[in-house]
Amino acid sequence: MSPGAQFVKAEAKPAEHRVLATLNADGSRRWLDPRTSKGRFHTARGVTAWVLIALYAILPFITINGAPAIQIDLANRKFHLFGLTLLSTDTVLMVVLALAIGFLIFLVTALFGRVWCGWACPQTVYMEFVYRPIEKLFRDKQGRTTGWRFAAKYALYFLVSLHLSNVFLSYFVGTEAVRRWTLGSPFDHPAAFMLVMVVTGLMLFDFLFFREQTCFVACPYGRIQAALLDRHSLIVTYDQRRGEPRRPLRTNPGDISLKQAPLGDCVNCLKCVTTCPTGIDIREGLQMECIGCAQCIDACDAVMTKLSKPVGLIRYSSQAMIAGEAKSLFRARTLIYPVLFVAAVTVFVTLLLTRSPLDVDLLPRQGAPFYAVGTGEIANQMRLSVANRSEAARTYTVTVKGVGGARVLMDAPDFSLAPTESRIVGFAISLPREALGARGQADVLVSVTDDRGASRTVRYHMLGPVHRSNAGETPKGATP
């Protein structure tokens, strides 16, 4: 580039086609303020939402078999799920359970589209039935939120988010710990206090600023729906054959052009657009941003009722049915997904029913490989990780076999574990010197047996001194 060359600032050009419903033509954000459309679907979604909100708040307080109904106990590496307790060693069970849930999601999406997004997703539930109603509650007649209304709105936002973050924390540490921390000083539990504050801040950022962008940008489900849906999946659809061409909302009876061509039922009132929480126009067809919430259905049905026309211009249907094809429930994906789901559930139940109530793992050696005891025997230190998988306390006994004269050296002959408790047990195993052989090695079988008869056995390779007769031998290939 020559020294005299100048940079020319390029002007931003508006996009020829809409990229996102929340973007203006110049790339700036288009803030949405959807109008609430009352109707049968909105009522049903409201009931569903408040049932889910109540379950979210109540589940941490429900105990089954002495454990919370749902808890991810990271400190103790346990996962409680409606009476079932999975330990950190149950990796295969967790993977199979995750696969079963995944296949179920695929099946539900293939049949009913994005019903999860519009009816049960926490983002939609709290945004549309908690945070947006709070926002509208504090508006004045001109739709503004100023003065005391502004302060009260954000104070209520903070209290709701703080409550939700405390409930969220209780799913990890339990309700009793959260209650104790809430009533105590934050300096007594700074990590938990900071976690609650961070989660509260993230919720405020999400529901006050990011909002529907979470569905577009952060959530991958909307982007993979193209692979999960087909032409027979149930989605929110606009009946173009019935609605097009669109007529003006108010027509002039003397307009000859309107009399010459038949008009559809859509009056282009745009209520389906202004009520959409993601800002799309459903009349443009299936779009990634559509969450299947049915707000546009309620809005359109209300207009059709006022115009004395049949409802259902916008309705839950499928692309195939809108095109006049027959409804089809049985197709490749709706047959494969149930088979995979049943197979995963079968494997999960089989593994669950056949898993041992006792888990024993051999841990690496520590310290000296062997030492001599007062009786002239050779002892090895040994550590076992013992986990009680059952829902009742158990007493365990350690025995050794496989080599004559082997003994277990422990402070107490047995030990007890609480339900789902795990512990590292240390002890020593002694053998007569002659049992170790010339090479100073021997394999023994160490068994851990509970008071109900369940037992697990591990093989342990013992070490000891090399026999004296071999000590002076010259290795092959060495010079004496």
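Figures for the structure shown
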item: Any hit, region 323-334, residues being among the aliphatic types (A, V, I, L, M), on the phi < 0 side of the Ramachandran plot and part of a helix (DSSP H, G or I); result: yes
item: Any chance T346 is over 16 Å from A428 (Cβ atoms) and either in the same structural domain as R423 (by TED's automatic domain parsing) or part of a helix (DSSP H, G or I) (or both); result: yes
item: Helices (runs of 4 or more DSSP H) lying entirely in region 131-210 (those with 1 or more residues that are farther than 24 Å from I58 by Cβ and aliphatic (A, V, I, L, M)); result: 132-137, 148-173, 190-205
item: Filtered residues of region 356-368 (kept if exposed (fewer than 13 other Cβ atoms within 10 Å of the Cβ) and modelled with pLDDT of 90 or more); result: L363
item: Among the residues listed as L313, L329, L352, the single one being aliphatic (A, V, I, L, M) and at pLDDT 95 or above; result: L313
item: Subset of region 325-357 [within 13 Å of F103 (Cα to Cα) and in contact (Cβ under 8 Å) with a residue 24 or more places away in the chain]; result: R333, T334, Y337, P338, L340, F341, A344, V345
item: Qualifying positions in region 379-426 - more than 30 Å from L84 (Cα to Cα) and surrounded by 19 or more Cβ atoms within 10 Å (Cβ to Cβ); result: A379, N380, M382, V400, A406
item: Matching residues, region 290-306, being buried (at least 19 other Cβ atoms within 10 Å of the Cβ) and more than 22 Å from V47 (Cα to Cα); result: V303
item: Residue list for region 72-90, filter: at pLDDT 85 or above, surrounded by 15 or more Cβ atoms within 10 Å (Cβ to Cβ) and in a loop (DSSP other than H, G, I, E, B); result: D90
item: Single residue of T109, T36 found to be in contact (Cβ under 8 Å) with a residue 12 or more places away in the chain, part of a helix (DSSP H, G or I) and surrounded by 15 or more Cβ atoms within 10 Å (Cβ to Cβ); result: T109
item: Matching residues in region 258-316 - criterion: being in contact with a strand residue (DSSP E or B) (Cβ under 7 Å, 6 or more places away or on another chain) and of a type in the set (G, A, S); result: G292, A294
item: Candidates L23, L52, filtered to the one that is modelled with pLDDT of 95 or more, surrounded by 15 or more Cβ atoms within 10 Å (Cβ to Cβ) and within 30 Å of G143 (Cβ to Cβ); result: L52
item: Conditions (1) more than 30 Å from C266 (Cβ to Cβ); (2) not assigned by TED's automatic domain parsing to the domain that holds Q441; number of the one not met by D301; result: (1)
item: Checking K309 against (1) buried (at least 23 other Cβ atoms within 10 Å of the Cβ); (2) more than 30 Å from the chain's Cα centre (by Cα); (3) of a type outside the set (A, V, I, L, M); (4) outside any helix (DSSP H, G or I), the condition it does not meet; result: (1)
item: Total residues in region 112-130, condition within 30 Å of L329 (Cα to Cα) and in a helix (DSSP H, G or I); result: 10
item: Which listed residue, of F187, F158, F205, F216, is over 30 Å from C300 (Cβ atoms) and modelled with pLDDT under 95; result: F187
item: Residue under evaluation M127, criteria (1) under 30 Å from P338 (Cβ atoms); (2) under 19 Å from the mean Cα position of the chain (by Cα), criterion not met; result: (1)
item: Leading residue by the ranking (surrounded by the fewest Cβ atoms within 10 Å (Cβ to Cβ)) among those in region 162-199 that are under 24 Å from the mean Cα position of the chain (by Cα) and over 21 Å from I70 (Cα atoms); result: A191
item: From A44, A67, A25, A21, residue being small (G, A, S) and under 30 Å from A344 (Cα atoms); result: A67
item: Residues of region 429-441 satisfying the condition of being among the hydrophobic types (A, V, I, L, M, F, W, C) and surrounded by 21 or more Cβ atoms within 10 Å (Cβ to Cβ); result: I429, L431, L436
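The values are calculated or read from the model by the stated rules, or taken from the named source; none is laboratory data. What you see is a predicted model; the values in this text were computed from it and never measured. Counting neighbours? That spans all protein chains shown, and the Cβs are built from the backbone with ideal geometry, glycine included.
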